[in-house]
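For reference, the structure discussed in these notes is given below.
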Amino acid sequence: ILTFLTGHDTTASAICWTLYNLARHPHYQEKCRQEVMELMQGRDGHEIQWEDLSSLPFTTMCIKESLRLHSPVQAVTRKYTQDVALPGDLTVPQGVICLVSLYGTHHNPEVWTNPHEFDPLRFEPTSAQSRSSHDFIPFSSGPRNCIGQKFAMAELRVVVALTLLRFRLTPGVDPEAGSGSGKVRRLPQLVLRAEGGLWLQLEALNESSLGEPENK
Ligand code: HEM
């Protein structure tokens, strides 16, 4: 049950925020769509195979940037099993429980320039190499990290790729509240949600004409 709950809500949040970020950045959305279309060109159906996932590098960069900017899990806790010395003559004593902020890690201005901006180019292989392995930890790290992260990344790539193939996304409006969305509510929910929901407008694409809207 735990695996079902932790795996479902987090992945749903990651999918929503990725689509939302792509809706707000149409040029990145189009670049992802072109990548997916190239991959699917000449195929009969729209099925993505396991081997295809490595052929979506830019889409993967956008998903990772979304996981950084809007991490579904905002913090994890760890209990210290031994004293740990910190810089400045400080010690965290054994037995203490610490909250590790994934949000703080992913928005640290010393690591991420303009941390509140959506910029998938941060995840270009050359830029990623110059960072520490612990600067980006949406699935946490260490022996109790997420057991579902490979599955989640695969699911994200498939859902994002197939959605972009069929629809053009633009930011939407809550028809009842009548206002825009995107305000981040961090608590009391376990998983990151937006106050008032995330609203997107989906325009069906004519699949045969590479990205042309069906009804203009
Ligand atoms: C984008 C999607 C996901 C995110 C961001 C995410 C994030 C996380 C994080 C941060 C943790 C560590 C919690 C901690 O250290 O206290 C974790 C643990 C876990 N995740 Fe995920 N997760 C995702 C998807 C999934 C999926 C798809 C599954 C199952 C198929 C899953 C199953 C688990 C389980 C069972 C744990 C507990 C591992 C343990 O305690 O040893 N997660 N996840």
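Here are the numbers for the structure shown:
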{"read-out": "Test: LEU67 is touching a residue at least 12 places away in the same chain (Cβ under 8 Å), away from the ligand (no atom under 13 Å from the Cβ) and in contact with a helix residue (DSSP H, G or I) (Cβ under 8 Å, 6 or more places away or on another chain)", "value": "no"}
{"read-out": "Flag if HIS116 is touching a residue at least 12 places away in the same chain (Cβ under 8 Å) and away from the ligand (no atom under 15 Å from the Cβ)", "value": "yes"}
{"read-out": "Residue check for PHE136: within 21 Å of THR163 (Cα to Cα) and in contact with a Phe, Trp or Tyr (Cβ under 9 Å, 6 or more places away or on another chain)", "value": "no"}
{"read-out": "Count of region 80-108 residues which are within 11 Å of the ligand (Cβ to nearest atom) and touching a Cys at 6+ places or on another chain (Cβ under 9 Å)", "value": "0"}
{"read-out": "Among the residues listed as ARG131, ARG78, the single one being of a type outside the set (Phe, Trp, Tyr), more than 29 Å from GLN49 (Cβ to Cβ) and touching a strand residue (DSSP E or B) at 6+ places or on another chain (Cβ under 9 Å)", "value": "ARG78"}
{"read-out": "Enumeration of residues in region 51-87 that are among the hydrophobic types (A, V, I, L, M, F, W, C) and either in contact with a Gly (Cβ under 6 Å, 6 or more places away or on another chain) or within 24 Å of ALA128 (Cα to Cα) (or both)", "value": "LEU53, LEU56, PHE58, MET61, CYS62, ILE63, LEU67, LEU69, VAL73, ALA75, VAL76"}
{"read-out": "Residue selected from region 1-36 under the condition aliphatic (A, V, I, L, M) and closer than 26 Å to TRP199 by Cβ, by the criterion nearest to the ligand (Cβ to nearest atom)", "value": "ALA14"}
{"read-out": "Members of region 99-115 found to be of a type outside the set (Phe, Trp, Tyr) and surrounded by 13 or more Cβ atoms within 10 Å (Cβ to Cβ), listed by number", "value": "VAL100, SER101, LEU102, THR105, HIS106, HIS107, VAL111, PRO115"}
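For every residue, the table says whether it meets (1) surrounded by fewer than 13 Cβ atoms within 10 Å (Cβ to Cβ); (2) over 20 Å from the mean Cα position of the chain (by Cα).
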{"residue": "ALA14", "(1), (2)": "no, no"}
{"residue": "LEU22", "(1), (2)": "no, no"}
{"residue": "LEU53", "(1), (2)": "no, no"}
{"residue": "ILE63", "(1), (2)": "no, no"}
{"residue": "LEU67", "(1), (2)": "no, no"}
{"residue": "TYR80", "(1), (2)": "no, yes"}
{"residue": "GLN94", "(1), (2)": "yes, yes"}
{"residue": "GLU117", "(1), (2)": "yes, no"}
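Values quoted throughout were computed directly from the atomic coordinates according to the rules given, and no laboratory measurement underlies them. Here the structure is a predicted model, which means the values were calculated and not measured. Glycine also receives a Cβ, built like all others from the backbone with ideal geometry; neighbour counts cover every protein chain displayed.
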